[in-house]
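The structure appears right after this line, and notes come after that.
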Amino acid sequence: MGRNEETGTIGFIGLGTMGREMARNLMKAGHTVRAFDVVASAVDAVTSAGAIAASNPADAARGADIAILMLPDTPQVEEVVYGPHGLLAAPPSGRLIVDMSTISPVAVRRMHRDLKAAGIGFVDAPVSGGPIGAQNAALSIMAGGDAEDFVRAEPYFRAMGTTITHVGAAGAGQAVKLCNQLICGINIQAICEAIALGRASGVDLTQLRNVLLGGSAASWMLDKLGPAMIEGDAGAGFRIDLMLKDLRLVLEQAQSLAVPLPATGLVTSQYLEAKAHGEGTNGNQALFRVYDRMTNRADG
Ligand code: NAD
């Protein structure tokens, strides 16, 4: 998309919980989406809204102004960049790749270097706001990379998010996202502890949440995840497995920079306990079950 044009073509790769909503919002803004996912049904979910199905990453990028990736972790992003039918060998015509997944900042800097050497721009632009933020085009987008690449990506970001910030060079977006995830994980644990204590104290948990939301303990997590925790609904949402991946990235970054993060270490153990009890594919609110088990609740 040129600066004066309004719409462009996007090769969108990874149409899961977040990607399908983001791709739909790009189409709502008038852009054309060429979609690829290794799971065929994930592609179907966006072709029904007007996207063109692609058979591999190179096919999705064919004739596109930009490729946008929304994949689980570092190995999948590297596969899409370096693997067979990958974007290093077959970039979009606009020679710009934006990865919006949460992955390793070290891997980002390596891909940025390799792609730049091939004349391809690379922006790391992880997001915060969850599936609801993705659906409402209200994501917070934290981008790292070269300024001219950020400027070219910005119109597409505007179709998916509301807080859009260029936070620095390649990898800086991921560094900010890791700080975000550290706060989210510890905050979820704090809410689980408050609910466990409130329940044992015999207080009405819905009232507890409402009161806390009006005071200095209010948080996005208490607002969005609190009701599911209180109702004992461990199901949908941001998966425990994905948070464990993020906490691993946080601790790797912390260790490489010699920054002690004791609370992140503790909350990682709680998430591992949840995973050991088969909760890996449940939403993050399922951390409350760790407290059910610790307090010997019959249904825990
Ligand atoms: P998801 O697992 O629902 O979606 C990922 C999609 O990528 C899946 O459809 C999968 O089939 C596809 N995929 C995997 N490997 C592929 C490959 N090699 N080529 C093409 N497609 C491939 O995950 P999600 O919840 O949408 O999260 C995506 C990223 O965004 C993750 O890095 C996650 O940490 C981050 N994130 C998620 C949330 C959330 O609330 N779910 C919020 C913020 C950030």
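Listing for the model above:
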{"read-out": "Where Cα atoms sit under 30 Å apart: lysine pairs in the chain separated by 8 or more or lying on different chains", "value": "10"}
{"read-out": "Percent RCO, i.e. relative contact order, over the range 9-169, from Cα pairs under 8 Å lying at least 6 residues apart", "value": "19"}
{"read-out": "Segment Ser93-Val203, extension gain: residue separation times 0.36 nm, minus the distance between their alpha carbons", "value": "33.6 nm"}
{"read-out": "Cα-derived Rg over Rh, computed across the chain with Rh taken as Kirkwood radius", "value": "1.00"}
{"read-out": "Separation of the Lys116 and Asp44 label points, Cα + 7 Å toward Cβ, nm", "value": "4.3"}
{"read-out": "Approximate spin-label separation Ser269-Ala138, in nm, with each point projected 7 Å along Cα-to-Cβ", "value": "3.7"}
{"read-out": "Most mobile of Glu273, Glu231, Glu193 in a GNM of the chain (Cα contacts under 10 Å)", "value": "Glu231"}
{"read-out": "Helix 147-158 axis, angle to the chain major axis (alpha carbon atoms, nearest 10°)", "value": "60"}
{"read-out": "The range 21-152, accessible area per residue, ligands and nucleic acids excluded (1.4 Å, Å²)", "value": "38"}
{"read-out": "Max mean-square fluctuation residue, GNM over the chain, Cα-Cα springs under 10 Å, options Leu242, Leu251, Leu213", "value": "Leu213"}
{"read-out": "At q = 0.11, 0.19, 0.24 Å⁻¹, base-10 log of I(q)/I(0) for the range 175-294 (Debye sum, equal scatterers on each alpha carbon)", "value": "-0.36, -1.00, -1.41"}
{"read-out": "The chain - percent of accessible surface contributed by carbon and sulfur, probe 1.4 Å", "value": "55"}
{"read-out": "Rounded to 10°, Cα long-axis angle of helix 220-231 versus longest principal axis of the chain", "value": "50"}
{"read-out": "Length released on extending from Glu231 to Glu154, taking residue separation times 0.36 nm less the Cα-Cα span", "value": "23.8 nm"}
{"read-out": "Residues of the range 175-294: accessible area per residue with a 1.4 Å probe, Å²", "value": "48"}
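The values are calculated or read from the model by the stated rules, or taken from the named source; none is laboratory data. The model shown is predicted, which means the values in this text are computed figures rather than measured ones. Because the Cβ atoms are built from the backbone with ideal geometry, glycine has one as well, and the counts that use them run over all protein chains shown. Ligands, DNA and RNA are stripped out before the accessible areas are found, and what is left, the full protein with its side chains, is counted by its heavy atoms. Shrake-Rupley method; radii C 1.70, N 1.55, O 1.52, S 1.80 Å.
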